[in-house]
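The values are calculated or read from the model by the stated rules, or taken from the named source; none is laboratory data. The structure presented is a predicted model; accordingly, all values stated were derived computationally and were not measured. Ideal geometry is used to build each Cβ from the backbone, glycine not excepted, and the neighbour counts take in all protein chains shown.
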Amino acid sequence: MLYGIDTSYANGTPSWTTALADSAVGFVYARVCYGANPAYDDGPAFVNAHDACKAHGTPFGSYFFWLMGQDAVAQADHFLAAADGMYGTLAPVVDVEEGSGAQGWGSSVQARVENLAATLDTIQAELGQPIIYTNPDTWATYFGNSDAFAGHRLWLAEYGVPPGDVTPIPGFTELVLHQYSNGTGQPPIPGLSVPGNNVDRDVLVAASLGALGARDAG
């Protein structure tokens, strides 16, 4: 199994040279931004992760935290601008979870589907099809297990089960990644994990890393 991590500014200033030598870091996703809010861009934390992975030859991808209460296209455009070409070799990811409703969830499932679709379409026009990160509760509660994005790849966050021991949630058919832990109780990663601020742990569920590559609409 190929294991990896996803990081953000909250992981401080890692010693990436040390961290990338660990077997738990077979790939890295790093956060670019939080919606269309420049004040919350990950900035140097993202750039440092990108540069270290590029130098080390570690597969790297970028993601951003999606907000239902913000303009869909503005968020996508901000992500594209803030990443500044440093997207990596893995498909971009849109992070959809409970906190995505921090500014409100809108009037209906249909409104949420339409808003998320506009974000995904904008990114896809530039980079190819994004991957959707979500969890069973968010998708059931706020998207009604919609199958509107059945053609998208899924990165599923589900804790309390063995790495990779998950199935796609309703509405999706292609599960490629499993976030199985926020780091709690996991062996620390030298150079990255610090007490009280561990790092999210992921595992590749797809047959090969190629499943995370750029992909046009199909």
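Filter segment 1-41 for residues that are in contact with a His (Cβ under 9 Å, 6 or more places away or on another chain), under 20 Å from Thr119 (Cβ atoms) and not in a strand (DSSP E or B) and give the result.
Within segment 1-41, Gly35, Ala36, Asn37, Pro38, Asp41 meet the criteria.
Based on what the data block shows, is Gly106 of a type in the set (Gly, Ala, Ser) and without any contact (Cβ under 8 Å) to a residue 12 or more places away in the chain? Before you say what the answer is, go through the steps one by one.
Values: of a type in the set (Gly, Ala, Ser): yes; without any contact (Cβ under 8 Å) to a residue 12 or more places away in the chain: no.
The answer is no for Gly106.
Based on this model, can you work out whether Tyr159 counts as of a type in the set (Phe, Trp, Tyr) and surrounded by fewer than 18 Cβ atoms within 10 Å (Cβ to Cβ)? Talk me through it step by step, then tell me what you get.
Details: of a type in the set (Phe, Trp, Tyr): yes; surrounded by fewer than 18 Cβ atoms within 10 Å (Cβ to Cβ): yes.
Spelling it out, Tyr159 is indeed of a type in the set (Phe, Trp, Tyr) and surrounded by fewer than 18 Cβ atoms within 10 Å (Cβ to Cβ).
Using beta carbons and a limit of 9 Å, which pairs, at least six apart or on different chains, have the first residue in segment 153-170 and touching a residue at least 40 places away in the same chain (Cβ under 8 Å) and the second one surrounded by fewer than 16 Cβ atoms within 10 Å (Cβ to Cβ) and in a strand (DSSP E or B)?
Short answer, once both residue conditions are applied: Arg153/Glu174.
When you check Gln110 against the structure, is it modelled with pLDDT of 95 or more and crowded, with 18+ Cβ neighbours inside 10 Å, yes or no? So that I can check it myself, show each step before the final result.
On the way: modelled with pLDDT of 95 or more: yes; crowded, with 18+ Cβ neighbours inside 10 Å: no.
Taking the combined requirement at face value, the residue does not satisfy it.
Taking segment 51-89, which residues are buried (at least 23 other Cβ atoms within 10 Å of the Cβ), in a helix (DSSP H, G or I) and not hydrophobic (A, V, I, L, M, F, W, C)?
Across segment 51-89, the qualifying residue is only Gln75.
Residues checked against (1) acidic (Asp, Glu); (2) surrounded by 20 or more Cβ atoms within 10 Å (Cβ to Cβ); (3) over 17 Å from the mean Cα position of the chain (by Cα):
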| site | (1), (2), (3) |
| --- | --- |
| Asp6 | yes, yes, no |
| Ala10 | no, no, no |
| Ser15 | no, no, yes |
| Gly26 | no, no, no |
| Tyr29 | no, yes, no |
| Val32 | no, yes, no |
| Ala39 | no, no, yes |
| Gly43 | no, no, no |
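Show the residue pairs that are 6+ apart or on different chains and have beta-carbon atoms under 6 Å apart, the first residue being within segment 73-84 and at pLDDT 95 or above, the second being β-branched (Val, Ile, Thr).
Val73/Thr122; Gln75/Thr119; Ala76/Thr119; Ala76/Thr122; Ala76/Ile123; Phe79/Val32; Ala82/Val32; Ala83/Val32
All but one of (1) among the hydrophobic types (A, V, I, L, M, F, W, C); (2) more than 17 Å from the chain's Cα centre (by Cα); (3) under 24 Å from Trp139 (Cβ atoms) hold for Ala55, so report the exception by its number.
(3)
If the Cβ limit is 7 Å and pairs must be 6+ apart or interchain, which residue in segment 34-51 that is free of Cβ contacts under 8 Å to residues at least 60 places away in the same chain pairs with which residue that is surrounded by 13 or more Cβ atoms within 10 Å (Cβ to Cβ) and among the basic types (Lys, Arg)?
From segment 34-51, the pairs are Asp42/Arg31; Phe46/Arg31.
Please go through segment 20-45 and pick out each residue that is of a type in the set (Phe, Trp, Tyr) and either within 15 Å of Leu192 (Cβ to Cβ) or modelled with pLDDT under 95 (or both). Give the steps one after another, and end with the answer.
We begin by selecting, within segment 20-45, every residue of a type in the set (Phe, Trp, Tyr); these are 27, 29, 34, 40.
Listed by number, the residues that qualify are Phe27, Tyr29.
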